[in-house]
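Each remark here refers to the structure printed beneath this line.
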Amino acid sequence: MAARRGALRGLGVDEPAFDGLAALDFDARVAFVASSIERFAPLDIETILGTGPAATHRAIERARRRYLSVVAGPPERDGPSPSAGADLEGELGRRVRMVAERALSGARSAEFA
């Protein structure tokens, strides 16, 4: 596991992002990375996973929720947000953080709609 962390650190994956990805099983990791990071079309993800549209959508949503729950951790009271002051190294780390922040803001918006 340490070797994987070291290799991914070189690509800009920080500890919380690695932990979030490690918390996903293989199919969930595929669904998350293909949809949220690589921006594959749903049909492409269905083909990769070998599932239909509804199952693919559920897999993506479960993977996002699991990833975000691990990366964000428990909410801090009166403290900074999980991404406040994060000094990420590399493009992949920035992309993963951006996706997580966008997903969190979308979830919060839906919560208050």
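Once region 70-87 is narrowed to residues that are at pLDDT below 90 and in a helix (DSSP H, G or I), the residue that is surrounded by the fewest Cβ atoms within 10 Å (Cβ to Cβ) is 72.
Residue 37 meets all of the listed conditions (1) of a type in the set (A, V, I, L, M, F, W, C); (2) free of Cβ contacts under 8 Å to residues at least 40 places away in the same chain; (3) touching a helix residue (DSSP H, G or I) at 6+ places or on another chain (Cβ under 7 Å) but one, namely (2).
Could you check residue 39 against (1) surrounded by 12 or more Cβ atoms within 10 Å (Cβ to Cβ); (2) not in a helix (DSSP H, G or I) and say which number it fails? Going through the list (1) surrounded by 12 or more Cβ atoms within 10 Å (Cβ to Cβ); (2) not in a helix (DSSP H, G or I), residue 39 breaks only (1).
The values are calculated or read from the model by the stated rules, or taken from the named source; none is laboratory data. What you see is a predicted model; the values in this text were computed from it and never measured. Methodologically, a virtual Cβ is constructed for each residue, glycine included, from the backbone with ideal geometry; neighbour enumeration extends over all protein chains shown.
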